[in-house]
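As structure tokens, the structure follows; a few thoughts come after it.
The values are calculated or read from the model by the stated rules, or taken from the named source; none is laboratory data. Note that the structure is a prediction, hence the values are computed from the model and not measured. Here the Cβ is made from the backbone with ideal geometry for all residues, glycine too, and neighbour counts use every protein chain on show.
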Amino acid sequence: MPECPKCHQKVQFTDITCKYCRTELKAFGHPGIPLHRAEGETLLCDTCTYDRDDTCTYPQRPYAKTCTMYQNYLDVDNNDLDPPVYKTPGGIKGLQIWCQRNPGLITLLALIGISFIIVLLR
Ligand code: SF4
Ligand SMILES: [Zn+2]
């Protein structure tokens with residue numbers, strides 16, 4: 001587990017700031033390189049230059065919520081890049097992506113299922 005460079009307390013890989021001393025944290029494993037983070041339900045790839053010019057080979061594309069390589073396409077000169085059209089993958093891959101994006105719903109469904117089992121066993 002990474003530690004805060006200032007107070008040396010353990011922090012999570014995904015922490016934006018140290019919860020002990022409030023130091024702004026960079027991506028673990030990439031010292032000095034900011035880790036860009038999507039806000040809310042948005043995805044970074046939707047506005048990324050490397051998605052629009054189709055040069056990104058990161059496995060998290062096109063569903064990246066955090067990324068060290070992100071560059072907003074509005075910040076570069078070539079603003080006439082059209083967003084690529086994605087087909088949502090089906091089968092196991094599609095199910096995996098859906099599960100990654102809906103952990104709260106899966107937890108809720110699991111709790112409902114467990115509740116049903118408990119009621120049925122009484
Ligand atoms: S560089 Fe990151 S944000 Fe940009 S398209 Fe690739 S995975 Fe998405
Ligand atoms: Zn700290």
Notebook entry, point to check: Quick one: in the range 43-67, which of the residues that are more than 8 Å from ligand 1 (Cβ to nearest atom) and closer than 20 Å to ASP15 by Cβ is surrounded by the fewest Cβ atoms within 10 Å (Cβ to Cβ)?
Noted result: THR66
Next item on the list: Search the range 100-122 for residues that are free of Cβ contacts under 8 Å to residues at least 12 places away in the same chain and pair each with any residue that is surrounded by 10 or more Cβ atoms within 10 Å (Cβ to Cβ) when their beta-carbon atoms are under 7 Å apart and the residues are at least 6 apart or on different chains.
Entry: ILE106/CYS99
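Of GLN12, GLN100, which residue is modelled with pLDDT under 90, in a loop (DSSP other than H, G, I, E, B) and more than 12 Å from ligand 1 (Cβ to nearest atom)? Give the steps one after another, and end with the answer.
Values: GLN100 fails: in a loop (DSSP other than H, G, I, E, B).
Being modelled with pLDDT under 90, in a loop (DSSP other than H, G, I, E, B) and more than 12 Å from ligand 1 (Cβ to nearest atom) holds for just one of GLN12, GLN100, which is GLN12.
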Notebook entry, point to check: Give me the pairs: first residue in the range 2-16 and within 22 Å of LYS65 (Cα to Cα), second residue surrounded by 12 or more Cβ atoms within 10 Å (Cβ to Cβ) and at pLDDT below 75, beta-carbon distance under 6 Å, and six or more apart or on different chains, which are they?
Noted result: PRO2/PHE28; VAL11/PRO2; PHE13/PHE28; ASP15/LEU25
